[in-house]
Ligand SMILES: [Zn+2]
């Protein structure tokens, strides 16, 4: 069971949404490449293991303990705390002096070294919690389009073909109450105040309009009036009403301002009457007639927490 999944931060959300709609600056392009690869790989792994009966699972755990450490997946299972670091790459790589190097000389720097550091910190944390669980850490190269030559193997590095084995092992037993308690304990120390890139908003009028299909990420077709659903070429289907709600979220993110009926028309091709109806039902409106704009109903509640509350050392006694 997953007790936490990854929540994209505002920069990650924006950059993935604007990707493909406008030419981004170099810095955003670089970040987008990393975020997209990271998220795609993790989502792939999440989909593979989410139905497993055993293991209390956490997707994206960040620890602040003598500096920050981030863990893609933590699974509490059968007297073990298992950490999976997910890497998603495509193409042919060769192994050279602890690094994986692609045909175009893209370098994946010493994944074992990074894993060992993260593993040491996780071990310290588990000890501080007073748990007698054994910590295991693995790098998993997910995706079937990845191949590597010259690598003699290391039991800490797994590949796509090994995922079935992970699933089988997690399916061996059900989760226990103790595992659930440990999982909840981990979540108490999840540090969710990481620093992220400031958003550089591209001009909303210049951004290519449309709503991306959540399944294949292509822009959904603008629909004809008679249809009640929009269907993507990949087979994904969504009702007009849900599409309006999605469009609201997307437009708000890209525009960073209140949403108008005309915006939604432009992004979906849906008629004004239905849009007005759905927006009024689900969102707060301000202004009259032509100046009418829509906002989210609940203002985001940002909890004020002092930095120290997250410092593990402040909460657990050194002994
Ligand atoms: Zn699609």
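The values are calculated or read from the model by the stated rules, or taken from the named source; none is laboratory data. All values reported here derive from a predicted model rather than from experimental measurement. Here the Cβ positions follow ideal geometry from the backbone for every residue, glycine too, while neighbour counts run over all protein chains shown.
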*Mind listing whichever residues of the stretch 125-144 are out of contact with any strand residue (DSSP E or B) (no Cβ under 7 Å at 6 or more places or on another chain) and over 12 Å from residue 81 (Cβ atoms)?*
128, 130, 144
*Taking only the stretch 256-274 into account, find how many residues are closer than 19 Å to residue 213 by Cα and buried (at least 16 other Cβ atoms within 10 Å of the Cβ).*
7
*Which condition breaks for residue 64 when tested against (1) buried (at least 17 other Cβ atoms within 10 Å of the Cβ); (2) closer than 16 Å to residue 7 by Cα?*
(2)
*So which residues in the stretch 144-170 are modelled with pLDDT under 95, assigned to a loop (DSSP other than H, G, I, E, B) and closer than 23 Å to residue 52 by Cβ?*
144, 155
*Restricting to the stretch 5-43, what's the tally of residues that are touching a strand residue (DSSP E or B) at 6+ places or on another chain (Cβ under 6 Å) and surrounded by 14 or more Cβ atoms within 10 Å (Cβ to Cβ)?*
5
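Residues are listed down the side, and each one gets a yes or a no for (1) at pLDDT 95 or above; (2) surrounded by fewer than 18 Cβ atoms within 10 Å (Cβ to Cβ):
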site: 210; (1), (2): yes, no
site: 216; (1), (2): no, yes
site: 229; (1), (2): no, yes
site: 233; (1), (2): no, yes
site: 240; (1), (2): no, no
site: 251; (1), (2): yes, no
*Residue check: is residue 199 free of Cβ contacts under 8 Å to residues at least 24 places away in the same chain, away from the ligand (no atom under 16 Å from the Cβ) and outside any helix (DSSP H, G or I)?*
no
*Go through (1) closer than 19 Å to residue 269 by Cβ; (2) touching a strand residue (DSSP E or B) at 6+ places or on another chain (Cβ under 9 Å); (3) surrounded by 13 or more Cβ atoms within 10 Å (Cβ to Cβ) one by one and return the number of the condition residue 186 breaks.*
(1)
_Residue tally, condition exposed (fewer than 14 other Cβ atoms within 10 Å of the Cβ), in contact with a strand residue (DSSP E or B) (Cβ under 7 Å, 6 or more places away or on another chain) and more than 17 Å from residue 33 (Cα to Cα), over the stretch 93-111_ = 2
